[in-house]
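Each remark here refers to the structure printed beneath this line.
Every read-out reported here was derived from the displayed coordinates using simple, explicitly stated rules and does not represent laboratory data. Worth saying up front: this structure is predicted, and the values here are computed from it rather than measured. Cβ sites come from the backbone with ideal geometry, for glycine too, and all protein chains shown count toward neighbours.
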Amino acid sequence: MTTIVWDGTTLATDSLISVNGSTYNHAQKLFQLDNGEWVAFAGEQQEWWEVLEWLQAGAPRDDKPNVSRVEMIIAGPDGVFEMFNKLVRIPVNGPVAYGTGWKWALAAIDHGKSAVEAVEYAIGRDHDSGGEVQSVTPRVKASVPFDTLMRGVEAASATT
């Protein structure tokens, strides 16, 4: 699988592709979309390409690809989001990590490491993460905290 990390500033990923626990290849896992967003993928590589094409097409709601094993972090001008199989953007507040090395990466973040250092640490501990670290520090708008979003929903419900 892989390790992808957002530390609040930087998006980072490893480059190892593994199949059934065996090293297969190394690949680009961090991509810039035409709209200026950056996306890092974990999960089934074949499904990344379907999702990447869908995102580049503007992510039309009525044309979502059918995927079953994909995790991603998207960072860009409109904020930072996590997205999984249902392909719904979920706002991120704070550091997150996904893929097989996520626990190692978050432990490194908890100990003051950067996203790049967290991926490097995960590579040393997780047999499905490896290769060169890919990273970017995109310009992002701060995400809206979840409790703020919920207050807006509660306020709207109270007026209807």
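Over segment 1-142, the ratio between the Cα radius of gyration and 2.2 N^0.38 Å evaluates to 0.96. As an exercise, use a Förster radius of 30 Å and the Cβ-Cβ distance of E50 and R139 to find the FRET efficiency, rounded to the nearest 0.05. Computed FRET efficiency for E50 and R139: 0.65.
Please report the spacing between the Cα centers of segment 76-101 and segment 118-142 in Å, no decimals. Here the answer is 14 Å between Cα centres.
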